[in-house]
Every structure is written in C-alpha cells, then in structure tokens.
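Trainee: Quick one: structure below, then a few questions.
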Amino acid sequence: MPGDLYYGDNLDVMRRHVSSESVDLIYLDPPFNSDQTYNIIHKGSRAQERAFVDTWSWDDKAEAAFRELTDRIPAGVSVPPELTALMLALKEFLYRDRKDLLAYLSMMAIRLVEMRRVLRPTGSLYLHCDPNTSPYLRLLLDAIFGSPCFRNEVVWRYRRWPTKAMRFQRMHDVLLFYTARAGRDHTFHTLYGYEKLAESTLKTFGTKKQRADFSSGHRKPSVEETESKGPPLSDYWDIEDEPMAASEVEDDPRVPLSDAWEIKVIAAIGKERTGYPTQKPLPLLRRVLEASSNPGDLVLDPFCGCGTTVHAAEEMGRRWKGIDIAIRAIDVIKDRLDAKFSPRVWTEHGEPADVEQAMHLAESNAYDFQWWAVRQLGGRPPKGEKKKGGDGGIDGELTLIDGKGVQRRGVVSVKGGRTLTPDFVKALSETVRQEKADFGILLTMHEPTQGMRDTARECGMASWADDYGGKLAHRIRIITVPELMARQVQWPGKLERPRTQSAPPPPEARPGETLSLPFAPRAPSTKKAKVRRPGTAKTTPDEGAPESATARPPKK
C-alpha cells in the first residue's frame, strides 16, 4: 500500500487526517531555531538555492499558538495542565529577551500535543534536536508525556570539518526518546554493535559462546544466568547496518548499543545526497525504525524535509505518513522515492485540486504557488540562482519538440496576483530576447486584460510558427491556471517533461515560522468565482483552444 505524503501544516494535517492512537513510531527533525539560512546544493554544479530560513519571531501567529496552550484551548484538544503551567513560566522567563525562542517553543508544543494524541499506547517518539534547544524541548516532552516516559537522550556523534571557535567543537546532535506510556509495554528491540570488551567484562559475563546463547536482554542477568548463558545477543543490524551471519555469532564481540551512536554524515558527493539542507543519513533512521517498530507498523514524520524517514520506512516494510509545509520538499521526496522504488509508492494529499484552492495558494504563499504552477504546466523551475529578467526573474522553463524534432526552449513567468497589466507581457518578451529563448509563457491565476492579449499578439510569432500555421506558436503566449486545470491547453509540439514531477527547489527563502496553513478550510462559498471560462471572453486564436490529442500537462 502506498504511503501518504501530505503537503500542508502538520498541525492541521494531524488534526484532520491522523486518528488517535494510530501511529506506532514518530520521528521528527524539526527546525532547530538556529537563526540560519539553509541552502540546497545541486549535484554536478556549484549552484545553491535557499531552502528555508530557520528564524523565528514573536508575532500574531506565535501569540495564537501560545494561547491555544494556555487560555484558548481549542475544543477537542487535550492540553495537559503541566504544559499550560510550563508555557506560562517560560513566557515569564523568555518574553523580554528571547521572544524568538518562545515563539519556537509555542510552535513545537502545540504540535507535540497532537503527536501524543496520535501515538499508540505501545508507541515511541524520537525528537531530533541540537544541544541549543534540547533542554527546552525535553521540558516540553516531560510536561506532555510525563517524565517517567523518558527513555534516552541518544547522542548522534559525527565528524565534520572543524571550525575556529573559543569552545570545544560541536560534533553531535541529540535524539530525545520517549514512549507513550511508562513501563515496559512499548515496542523495543535491543540492537547490537561492535565493541572491544575489557577483561573485567569477560570475567563478569562469561565467554563469547555463553554470551551468544543468552537471550534475555531487558534486565541485568542473575548470577545463575551469567554462568550458564552470558549477556544478550540477537540478529538485529549492527553499527554498520549489516545483518550478521549465524556462523559468525560465536566469535563476534558484539554488545548492546549504548545511547551514543557514531554514524557518518552523508558525504558531499554521496549517492544518497539529495542536496537538501539538514538531510540525515539513512543508517540513522534505519536504526531508529529497527529499534522501535515492527514490519507493518505505521511511522509518522511530521517534518518530512527530503524524506529520509519515509525512504527508510518503505524499504523496511513499514507503513508511513510524511508531512511537510514546503511544496518543494514534497517534490524532492517524490523524486527520491520514484528513483528508488517501482511502482510508485506514494499517494499525494493537500496540493490544490480545484481553481478555488489554487487561488488561495496564490494569495497565501506566492513562492509555493509559482513552484506548483510551473510544475502543473509541465515545466521546471530554473536551476541555480533565479535568473534576472525584465520582470525580476524567470519562474520556470519549458521544452517542446517541434514537428521537425527540434527542441524549443521557453521561459515561464507566473503571476498569481489580481493586478495584471500589459507591462508584464512586455517584460516577458524582453526576457525571452535576453535569454535567446524560442518562446515565452505568461501563466496567470486570474483572467488577463484584453490589453495584455493585444500586447502578446503584437509580440509576433515564433520563428518556427509556420510549421503549425501560426495557430499555437505565438512568441508570447498567455495561459490561465483555470485553463490549465481544465486540460484545455494545446501545445505546438511535444511537451518534454522532466524525468519526474520533481525539480530543484526554488531559490526564495521562506520564513521559519510555519503556523499558517497552505490553504485553510473554508465554508462553501455562495458566490461563483469570478473566473471566466475559456470561450466566454474574446481570445486570440491560440487561447482557449479545444482539447485535442496533443500532449497535456501531467495529471495529478
């Protein structure tokens, strides 16, 4: 069964789409409140693009999240009184000098409450953080889960290039491991790694053969057990993530893993690397899933990023749900999964399915709308830094194959606003000239003015227009999103789509605060949307053409 991939705010998705006590394991790698800008680095080039800005501020959204935890708790949401008391105390402590941290903790706390709700009684949660925020996050987790549910502070130690600093080098992250309930009812499999044992350990616990025969790994063995069997050993993956052959058990010095894990970071040129910032290595997630889940269990990652968790879950036979608020991250995950697994292993949720949702995305998140619209068109955002044209930049590129088999390159400009003027057409025409492209597409959310259509017609025909009688090959062409979603767009040639729906994320940075929804639920509107249907307004011969058997944009 394909996994569920959600585009949206994880708070909204969990409340609307994840049932109570349905998830066996949660792993989350949220922003760290690092006050940094993270870049995507493209393979095969030095081009970089900003992926997200991990900077927080105390604003109306942060205030609303805080009040949901204190005096305006939503109906049906269970906020522990200990958490309410903690948040009020944190506000007294942080509000004057560390409003950014208070905003971050408010965002995290309301989401952790939902994660506690969806976790099964036998389930576990691993929260990935750095030493700067781990003390505060542990306070939140103690208030939500209860301090008896704390199991480990796992230290992931790695090596990287050192930096000059008046302190010891920072070479580790922290995974806070909690279970839904106190006691011994949670899923846990003892994992083993290689470690050279001291002579005193061998004297205490017996020979390697005795250790290999011992199987009760959840308590200190008695003297009788030690003499007859030795310490525990199983067939779970070791520190190198390779299963151990039965023939090697007798001579192998493996012992139960400690709470300090040394796992390599992904090499800059490693095959696993997606270019996405803050990407975590697969062996780290495999270890978490192996320890705290079983095949067939449901794994949730509410801050999906580039999809390492869902990748590990899919290859290890777990069911999964992944959520991310950035549409470009969702596409990186699709690309990653499509390259690894066949047939397709994901089901998409949350992207605009009709004109009203597309309009709301355009109004609420211009960058994600540009990304989504270019992809719907069948194009791809430009790689590297956004190219500067007459309109301030190129939002995408498109490739057509004409009747003679020649590639025709087009540039795309997306306009999601309601204010549309002929100047946008003129600017795109100049960009096409500067880029030495074959044509340009102006993609608009709303109906263009007649002046825009006249200006587009005045820009002339493409040099290869005669191959099609000039009907569809204007040098500058205007297409609306409603036409695109209705599959009413014809192309003067074969549309050459990217290998998958994915492409490198766009260059614009977005604020670290992610409390707003991509498109919030709305009450059914009694008014019809003010969008003209193709054919009801004056159009040039290449606009609003009837559907034909020519190539169409990919169906969602």
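Trainee: So which pairs qualify, if the first residue must be in the stretch 1-14 and farther than 8 Å from Asp324 by Cβ and surrounded by fewer than 21 Cβ atoms within 10 Å (Cβ to Cβ), the second must be of a type in the set (D, E, K, R) and at pLDDT below 95, the Cβ gap must be under 7 Å, and the two must be at least 6 apart or on different chains?
Mentor: Short answer, once both residue conditions are applied: Pro2/Arg344.
Trainee: Any residue at all in the stretch 321-335 that's hydrophobic (A, V, I, L, M, F, W, C), over 9 Å from the mean Cα position of the chain (by Cα) and either buried (at least 17 other Cβ atoms within 10 Å of the Cβ) or modelled with pLDDT of 95 or more (or both)?
Mentor: From the stretch 321-335, those hydrophobic (A, V, I, L, M, F, W, C) are 323, 325-327, 329-330, 332-333; that's our starting set.
Remaining after also requiring over 9 Å from the mean Cα position of the chain (by Cα): none.
No, the stretch 321-335 has no match at all.
Trainee: Quick test of your reading of the structure: Leu105 fulfils all but one of (1) surrounded by fewer than 22 Cβ atoms within 10 Å (Cβ to Cβ); (2) in a helix (DSSP H, G or I); (3) not acidic (Asp, Glu). Name the failing condition by number.
Mentor: Leu105 satisfies every listed condition except (1).
Trainee: Right, another one. Please tell me if Thr122 is of a type in the set (Ser, Thr, Tyr) and touching a residue at least 40 places away in the same chain (Cβ under 8 Å). Talk me through it step by step, then tell me what you get.
Mentor: Working: of a type in the set (Ser, Thr, Tyr): yes; touching a residue at least 40 places away in the same chain (Cβ under 8 Å): yes.
For Thr122, the condition - of a type in the set (Ser, Thr, Tyr) and touching a residue at least 40 places away in the same chain (Cβ under 8 Å) - is met.
Trainee: Considering only the stretch 408-464, state which residues are farther than 22 Å from Ala358 by Cα and among the acidic types (Asp, Glu).
Mentor: Listed by number, the residues that qualify are Asp423, Glu430, Glu435, Asp438, Asp454, Glu458.
Trainee: Let me ask another. I need every pair where a residue in the stretch 301-314 that is among the aromatic types (Phe, Trp, Tyr) has its Cβ under 7 Å from the Cβ of a residue that is not in a strand (DSSP E or B), sequence separation at least 6 or different chains.
Mentor: From residues that are among the aromatic types (Phe, Trp, Tyr), the pairs are Phe303/Asn10; Phe303/Asp29; Phe303/Pro30.
Trainee: Looking at the stretch 286-309, can you tell me whether even one residue there is within 17 Å of the chain's Cα centre (by Cα), aliphatic (A, V, I, L, M) and surrounded by 19 or more Cβ atoms within 10 Å (Cβ to Cβ)?
Mentor: The answer is yes; a qualifying residue exists.
Trainee: Restricting attention to the stretch 40-71, and to residues there that are among the polar types (S, T, N, Q) and either at pLDDT below 50 or touching a Phe, Trp or Tyr at 6+ places or on another chain (Cβ under 8 Å) (or both), which single residue is nearest to Thr278 (Cα to Cα)?
Mentor: First pass over the stretch 40-71, keeping only residues among the polar types (S, T, N, Q): 45, 48, 55, 57, 70.
From what's left, either at pLDDT below 50 or touching a Phe, Trp or Tyr at 6+ places or on another chain (Cβ under 8 Å) (or both): 45, 48.
Details: Ser45: 19, Gln48: 14 Å.
Step by step, filter the stretch 40-71, then rank; the result is Gln48.
Trainee: Can I ask one more? Select from the stretch 169-187 the residues that are not in a strand (DSSP E or B) and not aliphatic (A, V, I, L, M) and list them in ascending order.
Mentor: Scanning the stretch 169-187 gives Gln169, Arg170, Arg181, Gly183, Arg184, Asp185, His186, Thr187.
Trainee: Restricting to the stretch 169-186, give me the number of residues that are at pLDDT 90 or above and open to solvent by 70 Å² or more (accessible area, probe 1.4 Å). Steps first, please.
Mentor: Filtering the stretch 169-186 for residues at pLDDT 90 or above gives 172-186.
Next cut, open to solvent by 70 Å² or more (accessible area, probe 1.4 Å) only: 181, 184-185.
Selection size over the stretch 169-186: 3.
Trainee: Related question: I need a count of the residues in the stretch 473-497 that are out of contact with any Cys (no Cβ under 7 Å at 6 or more places or on another chain), part of a loop (DSSP other than H, G, I, E, B) and either open to solvent by less than 20 Å² (accessible area, probe 1.4 Å) or within 21 Å of Arg409 (Cα to Cα) (or both).
Mentor: 8
Trainee: If I filter the stretch 419-438 down to residues being outside any loop (DSSP other than H, G, I, E, B) and either free of Cβ contacts under 8 Å to residues at least 40 places away in the same chain or closer than 18 Å to Ala362 by Cα (or both), which single residue comes out as least open to solvent (accessible area, probe 1.4 Å)?
Mentor: First, pick out the residues of the stretch 419-438 that are outside any loop (DSSP other than H, G, I, E, B): 422-435.
Now restrict to residues that are either free of Cβ contacts under 8 Å to residues at least 40 places away in the same chain or closer than 18 Å to Ala362 by Cα (or both): 422-424, 426-427, 433.
Working: Pro422: 43, Asp423: 97, Phe424: 57, Lys426: 119, Ala427: 19, Arg433: 142 Å².
Taking the candidates together, the pick is Ala427.
Trainee: Please enumerate the residues belonging to the stretch 16-32 that are over 11 Å from Ile323 (Cβ atoms), under 18 Å from the mean Cα position of the chain (by Cα) and not aliphatic (A, V, I, L, M).
Mentor: Listed by number, the residues that qualify are Tyr27, Asp29, Pro30, Pro31, Phe32.
Trainee: Can you pull out the residues in the stretch 122-141 that are assigned to a helix (DSSP H, G or I) and either more than 25 Å from Ser22 (Cβ to Cβ) or open to solvent by 10 Å² or more (accessible area, probe 1.4 Å) (or both)? Spell out how you get there, then give the answer.
Mentor: Pass one, the stretch 122-141, residues assigned to a helix (DSSP H, G or I): 134-141.
The answer is Ser134, Pro135, Tyr136, Arg138, Leu139.
Trainee: I've got another one for you. Which of the residues spanning the stretch 142-168 are surrounded by 12 or more Cβ atoms within 10 Å (Cβ to Cβ) and either assigned to a loop (DSSP other than H, G, I, E, B) or acidic (Asp, Glu) (or both)?
Mentor: Asp142, Gly146, Glu153, Tyr158 - these are the residues of the stretch 142-168 that are surrounded by 12 or more Cβ atoms within 10 Å (Cβ to Cβ) and either assigned to a loop (DSSP other than H, G, I, E, B) or acidic (Asp, Glu) (or both).
Trainee: Kindly provide the set of residues from the stretch 19-29 that are open to solvent by 10 Å² or more (accessible area, probe 1.4 Å) and within 25 Å of His189 (Cβ to Cβ), ordered by number. So that I can check it myself, show each step before the final result.
Mentor: To start, the set of residues in the stretch 19-29 that are open to solvent by 10 Å² or more (accessible area, probe 1.4 Å) comprises 19-22, 24, 29.
Glu21, Ser22, Asp24, Asp29 - these are the residues of the stretch 19-29 that are open to solvent by 10 Å² or more (accessible area, probe 1.4 Å) and within 25 Å of His189 (Cβ to Cβ).
Trainee: Looking at Ser463 and the list (1) part of a loop (DSSP other than H, G, I, E, B); (2) in contact (Cβ under 8 Å) with a residue 24 or more places away in the chain; (3) under 33 Å from the mean Cα position of the chain (by Cα), which single condition is not satisfied?
Mentor: It fails just one condition, (3).
Trainee: Related question: Could you tell me which numbered condition Arg111 fails, if it satisfies all but one of (1) touching a residue at least 24 places away in the same chain (Cβ under 8 Å); (2) on the phi < 0 side of the Ramachandran plot; (3) of a type outside the set (Ser, Thr, Tyr); (4) open to solvent by 10 Å² or more (accessible area, probe 1.4 Å)?
Mentor: (4)
The values are calculated or read from the model by the stated rules, or taken from the named source; none is laboratory data. Because the structure is a prediction, the values reported are computed rather than measured. Note that we place each Cβ from the backbone using ideal geometry, even for glycine, and neighbour counts take in every protein chain shown. Just so you know, the surface numbers come from the protein's heavy atoms only, side chains and all, with ligands and any DNA or RNA stripped out. Shrake-Rupley method; radii C 1.70, N 1.55, O 1.52, S 1.80 Å.
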